[in-house]
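A short worksheet on the structure shown next.
What follows draws every value from the coordinates through simple rules; no lab data is involved. As the structure is a computational prediction, the values presented were derived from the model and not from experiment. Cβ atoms come from the backbone with ideal geometry, glycine included; neighbour counts cover every protein chain shown.
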Amino acid sequence: MNDIITLDYESGGEKTADLIRSVLLPAFKNPALEALGDGAVLDGSEKLVFSTDSFVVTPWRFPGGDIGALSVCGTVNDLCMAGGIPRYLSLSFILEEGFLIRDLETIAASIARKAAEAGVIIATGDTKVVERSKGDGIYINTAGIGFLRAPGLGREQIREGDGVILSGSAGCHGAAVLMARAGTIRLMRDPTRGGVATTLHEFIEDSPLTIELDEAAIPIDEPVAAACDLLGLDPLYCACEGRMLAVAAPEDEAAVLAALRRTPGGEQAALIGRVTQSRPGSLILNTRLGGKRLLTKLTGQQLPRIC
């Protein structure tokens, strides 16, 4: 590890994992945290799913959305990936002196709209203001609580022969129910920081299993592919909040795909790979040209400050 925090530590790749393993897990060691899921499963009269996230997007408004919509969708999606049905969110703003009230009103409207779509309630919150030049406009922190409906998800459930599914579905409160009804789901995660490649690498690292991806089967929008070609980026390492990666038992993968494709936004869900034992602990891309490419975890940043 470095002696100081750099921007590489928020990339979601190897640096982030190193920080978690070396500093945070030893400090806060407990079974709920050590699972390292998108959300924690907590015991109670009814099992709960709990997640938190912070959003530091610059600029706060971008094509297709803004920091407000992202803050709701990101947290709702994390709860779904842990097998929960989201119900409540907390919402905290850190505002920089000079931020425009009309911009805050726009962001608040986005939050309200997305919360209504997802069926969640903003149940508590907080607002702080920092001096000019010390807050980058606006930061948002959210925490979410939901009820567990698809228990037993985890990387230890993955088996050789399982299918790897990528969903175009924006996270919604019905996703976990659809997945639970569709068949045997081993694991669900959203490929945010570090993208599809880094997230899948986390599924099988330090295990006897391999994930082999079919490059031709991975859905990538033409504008995204063109932008990545222009900027020298790899779309497999670009964050994609609101997408879902799932590992499904081979006998149930068709039902899972069908359920996802019936979900608004999930029409392009695809089977993109399979779990094997060809090279333990590795993520392999079978290319369109017939070759093989070894995909590692993201070690730095492709793009700064996007979720």
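Exposed loop sites here are GluC sites (Glu not before Pro) assigned a DSSP state other than H, G, I, E or B and surrounded by at most 14 other beta carbons within 10 Å; excluding them, the longest clear run of the chain is 161-250.
Largest GNM mean-square fluctuation across THR192, THR127, THR75, computed for the chain with C-alpha springs under 10 Å, falls on THR127.
If R0 is 30 Å, the Cβ-Cβ spacing of ALA109 and SER133 corresponds to a FRET efficiency of close to 0.65.
Just so you know, the Rg over Rh for the chain is 0.95, from Cα atoms, with Rh as the Kirkwood radius.
If you run the Gaussian network model on the chain, springs between alpha carbon atoms under 10 Å, then out of GLY265, GLY291, GLY84 the most flexible one is GLY291.
Here's the list of lysines a cross-link from LYS292 could span, going by alpha-carbon distance under 29 Å and ignoring same-chain residues fewer than 8 apart: LYS15. A Cβ-based charge dipole, computed about the Cα centre of region 35-148 with Lys and Arg at +1 and Asp and Glu at -1, lands at about 160 debye.
Based on DSSP H segments of at least four residues, each scored -39500 (n - 2.57), the chain has a per-residue ellipticity at 222 nm of -7500 deg cm²/dmol. Between PRO59, PRO151, PRO26, the Gaussian network model of the chain with springs among Cα atoms under 10 angstrom shows the greatest mean-square fluctuation at PRO26. Reducing region 75-106 and region 232-265 to their Cα centroids gives an inter-centroid distance of 24 Å.
Gyration tensor analysis over the Cα atoms of region 35-148 returns equivalent ellipsoid semi-axes of 27, 14, 12 Å (largest first, whole Å). The stretch between ILE220 and GLU267 holds 15.6 nm of extra length on full extension. This uses 0.36 nm per residue minus the Cα-Cα distance.
So in region 35-148, what percent of DSSP beta bridges are antiparallel if you round to the nearest 5? Bridges in region 35-148 are about 75 percent antiparallel. Looking at the calculated P(r) for region 155-295, what percent of the C-alpha pair distances fall above 19 Å? Tail of P(r) above 19 Å: 48 percent of Cα pairs. Is the shape of region 22-76 best called rounded, prolate or oblate, per the rule: a/c under 1.5 gives rounded, else a/b larger than b/c gives prolate, else oblate, with a ≥ b ≥ c the square roots of the Cα gyration tensor eigenvalues? The shape class here is oblate.
Annotation: extensible slack from PHE62 through ARG279 equals 74.1 nm (criterion: 0.36 nm per residue apart, minus Cα-Cα distance). Histogrammed with a bin width of 5 Å, the alpha carbon distances of region 214-307 distribute as 2, 10, 17, 23, 21, 16, 9, 2, 0 percent, first bin at zero. Could you give the angle, 0 to 90 degrees to the nearest 10, between helix 101-118's Cα long axis and the longest principal axis of the Cα atoms of the chain? For helix 101-118, the angle is close to 40 degrees.
Modelled this way, with points 7 Å down the Cα-to-C-beta line, the labels at LEU294 and GLU46 are 4.8 nm from one another.
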